[in-house]
Amino acid sequence: MADELGDNEGRRPERRPWPFSAWISVVVIVIGLFAIVGFTANLLQSRRPAALEWLLGWDMGSWWWGGQLVVIVGWCGIVYTRAQALMRSRSHTIPTK
C-alpha cells in the first residue's frame, strides 16, 4: 500500500479532458478568424460599423478605429489561447514513438 501511495507523489493526478473540448476549440478558432478578417477589412476600408458602437456602449466619434483595434486584438487573444489549449490536448493524445 505504501508503494501505491508513493507512485503518485510529486505528479499531478491525470485528468481526462471533456470529450468535446477539442471541437469547441476548433469552432471558437474558426469564428474568431472570421471576426478578425471582418473587423480588419472594416478597418482597412474605413467603414464605421454601427454594431461596434452598440456593442461597446459608447459613441466612438473619430476614435472608431480604436474600438476596431480593441476587438481585433481581443479576438486574436481568444484564438491564441484556444489554439494553445487545442495543441496541449492533442499532444497528450498522440502517441510518441
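The values are calculated or read from the model by the stated rules, or taken from the named source; none is laboratory data. Please read all numbers here as calculations on a predicted model, not as lab measurements. Backbone-built Cβ (ideal geometry, glycine too); neighbour counts: all protein chains shown. Side chains are part of the model used for accessible areas, which takes the heavy atoms of the whole protein and leaves out ligands, DNA and RNA. Shrake-Rupley method; radii C 1.70, N 1.55, O 1.52, S 1.80 Å.
Screening Val73 against (1) at pLDDT below 85; (2) open to solvent by 70 Å² or more (accessible area, probe 1.4 Å); (3) out of contact with any helix residue (DSSP H, G or I) (no Cβ under 9 Å at 6 or more places or on another chain); (4) assigned to a helix (DSSP H, G or I) leaves a single unmet condition, (1). Does Thr96 meet the test of being out of contact with any strand residue (DSSP E or B) (no Cβ under 7 Å at 6 or more places or on another chain), of a type in the set (Ser, Thr, Tyr) and at pLDDT 65 or above? Here the answer is no, as Thr96 does not meet what is asked.
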